[in-house]
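Notes follow once the structure below has been shown.
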Amino acid sequence: MKKLAELKQAVAKEKELVWNDPDPIQGNDYTISFIEDIDDDIEEANVVDYPILIQYNNGRSEAQVYLHEIILKSE
């Protein structure tokens, strides 16, 4: 994802999202099962370093990731 609005729209439309882990562990399912609510007051310019809490691996794991590490599952 490149813009916060893009992520919010994907979540609203219940699109399948995946964490594109820069250091993946073989066998993990990086499909995102939960994304924390994103504060509407966050400015788009500040998103680059804004950590987003996700759950993945069927809810068994969580991580704070950056927006650019979240992709649509079909990509």
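Mind checking which pairs have a first residue in the stretch 21-41 that is within 19 Å of Pro51 (Cβ to Cβ) and a second that is small (Gly, Ala, Ser) and assigned to a loop (DSSP other than H, G, I, E, B), Cβ under 7 Å, 6 or more apart or different chains?
Once the first residue is within 19 Å of Pro51 (Cβ to Cβ) and sits in the stretch 21-41, its partners that are small (Gly, Ala, Ser) and assigned to a loop (DSSP other than H, G, I, E, B) give Ser33/Gly59; Phe34/Gly59.
Within the stretch 6-37, count every residue that is touching a Gly at 6+ places or on another chain (Cβ under 7 Å) and within 15 Å of His68 (Cα to Cα).
Residues that pass the stated criteria total 0.
Can you tell me which of (1) at pLDDT below 90; (2) charged (D, E, K, R); (3) surrounded by 13 or more Cβ atoms within 10 Å (Cβ to Cβ) is the one Asp21 doesn't meet?
(1)
Restrict the check to the stretch 60-69 and report whether at least one residue is of a type in the set (Gly, Ala, Ser) and either in contact with a Cys (Cβ under 8 Å, 6 or more places away or on another chain) or loosely packed, with under 13 Cβ neighbours inside 10 Å (or both). Walk me through it before giving the result.
Of the stretch 60-69, the ones of a type in the set (Gly, Ala, Ser) are 61, 63.
From what's left, either in contact with a Cys (Cβ under 8 Å, 6 or more places away or on another chain) or loosely packed, with under 13 Cβ neighbours inside 10 Å (or both): none.
No, the stretch 60-69 contains no residue that is of a type in the set (Gly, Ala, Ser) and either in contact with a Cys (Cβ under 8 Å, 6 or more places away or on another chain) or loosely packed, with under 13 Cβ neighbours inside 10 Å (or both).
Starting from residues that are of a type in the set (D, E, K, R) and touching a residue at least 12 places away in the same chain (Cβ under 8 Å), keep the ones in the stretch 1-20 and report whichever is nearest to Leu53 (Cα to Cα). Talk me through it step by step, then tell me what you get.
Step one: filter the stretch 1-20 for residues of a type in the set (D, E, K, R), giving 2-3, 6, 8, 13-16.
Then drop every residue that is not touching a residue at least 12 places away in the same chain (Cβ under 8 Å), which leaves 2-3, 8, 15-16.
Numbers: Lys2: 17, Lys3: 16, Lys8: 14, Lys15: 17, Glu16: 16 Å.
In this case the residue turns out to be Lys8.
The values are calculated or read from the model by the stated rules, or taken from the named source; none is laboratory data. Please read all numbers here as calculations on a predicted model, not as lab measurements. As a convention, Cβ positions derive from the backbone with ideal geometry for all residues, glycine included, and neighbour counts pool all protein chains shown.
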